[in-house]
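The values are calculated or read from the model by the stated rules, or taken from the named source; none is laboratory data. The structure displayed is predicted, hence computed values, not measured ones. Methodologically, a virtual Cβ is constructed for each residue, glycine included, from the backbone with ideal geometry; neighbour enumeration extends over all protein chains shown. Surface accessibility is based on the protein's heavy atoms, side chains included, excluding ligands, DNA and RNA. Shrake-Rupley method; radii C 1.70, N 1.55, O 1.52, S 1.80 Å.
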Amino acid sequence: MDHVFGPVLSRRLGLSLGVDLLPLKTCSMDCSYCEIGSTTCLTTRRDRFVPEMRVLREIRSVCDQDFDFLTFAGSGEPTLHSGLGDIIRAAREMMDRPIAVITNSSLLTSPAVRREVASADLVLPSLDAASQDVFEQIDRPAPGLLIGDIIEGLKSFRTEFGGEIWLEVMLVKGVNETDAERIAKAAEEISPDRLQLNTVVRPPSEPVLPLSQDEMLDMLEVFPDAEIIPDWDWQVPPAAEAQILSLLNQGATVEDLSAGTELSCSDLMKYLKILEAEKKITRSSLDGRLFFFAKI
Ligand code: SF4
């Protein structure tokens, strides 16, 4: 499949079936921390980058699998696809699972784009700066993008959209910490349902640095209503690992594991992600459900 990937375990979204509407890597920004590499097509011009019918065929072929969200994200900025609204509406006809859009917020300045994105159930926009110089340093936007306009777009979107907005702030050491108070003020005005602080976790292509755990905790004083989402401190406690691996001898879903242990689905997802990275478990989709197996 070219446009649908996963389901992948996502700490923010649980089991997420991804939809990628763009050729790698097409974006309106070239963020210094981007984990999928440098932007080769830096643009704010919307287009039908990939054929909608092909995307919808792929979604139809996997939509009875086990997942929590159908998530538009991937090789760039999904709102650059000018058929986004049509694709979301058609996908909704095929399945009863909620639809999420991860966006860098840049095109939410446009009422037409806001209307399309509002077809989703959950929108996860990002805001990494509140002043133009920091915006240009951290996100390296396409010419013409102004952070003041983007903040206004986010505020308008809040008033127009009845679903949930989870606003993400990516913090990069020595780059946007100085803008934190202004970002916090803008976030308060945007009034998202959740405010999530992140820092560099997966190795980006450039040498940017994460905030330490203590520095992230200090940021909670600037963003008192925020939650912290990075996974740099994730470790599987030995007792939990033994429990999980013994239940995975026969194979189990996240729900089976949750029923057979004291662990929440959210903790299980992060633990499974680590065990998978450590090659201690594998996954397989059976009858549309995602099973995990211990490696022998
Ligand atoms: S907006 Fe997202 S995809 Fe685009 S450069 Fe930034 S992190 Fe990468």
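Values for this structure:
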read-out: Helices (runs of 4 or more DSSP H) lying entirely in the range 87-168 (those with 3 or more residues that are more than 16 Å from the ligand (Cβ to nearest atom) and more than 26 Å from Ser16 (Cβ to Cβ)); value: 147-160
read-out: Residue check for Cys41: within 16 Å of the ligand (Cβ to nearest atom) and either aromatic (Phe, Trp, Tyr) or open to solvent by 40 Å² or more (accessible area, probe 1.4 Å) (or both); value: yes
read-out: Scope the range 169-211; condition over 20 Å from Val134 (Cα atoms), in a loop (DSSP other than H, G, I, E, B) and out of contact with any helix residue (DSSP H, G or I) (no Cβ under 6 Å at 6 or more places or on another chain); matching residues; value: Pro192, Asp193, Val201, Arg202, Pro203
read-out: Candidate set: the range 51-86, residues that are among the aliphatic types (A, V, I, L, M) and not in a loop (DSSP other than H, G, I, E, B); chosen: the one surrounded by the most Cβ atoms within 10 Å (Cβ to Cβ); value: Leu70
read-out: Filter result for Arg48 (more than 30 Å from Leu286 (Cβ to Cβ), away from the ligand (no atom under 16 Å from the Cβ) and either open to solvent by 20 Å² or more (accessible area, probe 1.4 Å) or not assigned by TED's automatic domain parsing to the domain that holds Glu164 (or both)); value: yes
read-out: Ile88 of a type in the set (A, V, I, L, M, F, W, C) and within 17 Å of the chain's Cα centre (by Cα); value: yes
